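Note sheet for the following structure.
We did not get these values from a lab; they are worked out from the coordinates using the rules stated. Since the structure is predicted, the reported quantities are computational estimates derived from the model, not experimental observations. With ideal geometry, Cβ positions are generated from the backbone for all residues, glycine too; neighbour counts draw on all protein chains shown.
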Amino acid sequence: MQQTVGKSTQSIKELAIFQVGEMPCGLDTAWVREIIKNTQITKVHLAPDYVRGVINLRGEIATVIDLRKKFSLEPIEDDGNMEIVVVRKGTENIGILVDRVRDVIWADEKNITPPPSNISGVTGIFFEGIYKMERELVSILDIEELLKTGD
């Protein structure tokens, strides 16, 4: 979205903000279909270790990716507070398991900078930028890179 203020044009991006370990992450809401809490995840044998399993999403199967595993962070057991951010890639629904969803914000793109090569020990390839908030930095996910199959 672009807004005109005076003679300058500002680009604003709507971000869903969520927590993965100690790291605040963001995702452009254009990707987000819905957010699900406390749903049964069925394990899939022989899947990559970052695939937590699959869920039934109103008759459609969605693969659930555990961001903690994908980012090589210490895994935690689902205590019922974890949430799944469902995104759509092509014809497929994919769930992204996060510790908790925090907020949805409007981000001025002038406050978004390119990511460093390493963010909190996580490879920078999974991020498209860093958003500078008042009290913290939010790592914006590159959903295309994150959802690539294989490591």
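Taking R0 as 30 Å, what's the FRET efficiency between L57 and I12 from their Cβ-Cβ distance, rounded to 0.05? Mind dumping the intermediate values first?
Values: r = 30 Å, r/R0 = 0.99.
Efficiency computed from Cβ-Cβ geometry: 0.50.
Net charge near I12, counting Lys/Arg +1 and Asp/Glu -1 over other residues with Cβ under 13 Å of its Cβ?
Details: positive: K13, K110; negative: E14, D28, D108, E109.
Charge balance in the 13 Å sphere: -2.
Suppose only helical runs count, i.e. DSSP H with n ≥ 4. What mean residue ellipticity at 222 nm does that imply for the chain under -39500 (n - 2.57) per run, divided by all residues and rounded to the nearest 500 deg cm²/dmol?
Values: 2 runs with 8 residues, N = 151.
After summing the helix terms and dividing by the residues of the chain, the value is -500 deg cm²/dmol.
Grab the chain and count how many Lys pairs have their alpha-carbon atoms under 12 Å apart, sequence gap of 8 or more, or different chains.
Working: K13/K110; K70/K148; K89/K148; K110/K132.
Counting lysine pairs in the chain gives 4.
Per residue of the stretch 103-115, in order, report the coupling 6.51 cos²θ - 1.76 cosθ + 1.60 (Karplus, θ = phi - 60°) as ³J(HN,Hα) in whole Hz, putting x for Gly and Pro.
Using θ = phi - 60°, the values come out as 6, 10, 10, 9, 10, 6, 4, 5, 9, 10, 10, x, x Hz.
Per residue and in Å³, how big is the convex hull formed by the alpha-carbon atoms of the stretch 2-146? Working shown, then result.
On the way: hull volume 18.1 nm³, N = 145.
Hull volume over Cα atoms, normalised by residue count, gives 125 Å³.
Per 0.36 nm of contour for each residue apart, how much would the distance between I105 and K89 grow if the chain were fully extended, relative to their Cα-Cα spacing? Walk me through the intermediate numbers first.
On the way: separation 16, 0.36 × 16 = 5.76 nm, distance 2.25 nm.
Difference between extended and current length: 3.5 nm.
Please give the Cα centre distance for the stretch 84-111 versus the stretch 50-78, rounded to the nearest Å.
After rounding, the separation between the Cα centres reads 14 Å.
Of the options T113, I12, I96, report the single residue whose Cα projects farthest towards the positive end of the charge dipole of the chain (beta-carbon charges: Lys, Arg +1; Asp, Glu -1).
I12
Percent relative contact order of the stretch 2-146, based on C-alpha pairs within less than 8 angstrom and at least six residues apart? Let's see the in-between values first.
Details: 288 pairs, mean separation 38.1, N = 145.
Relative contact order comes out at 26 percent.
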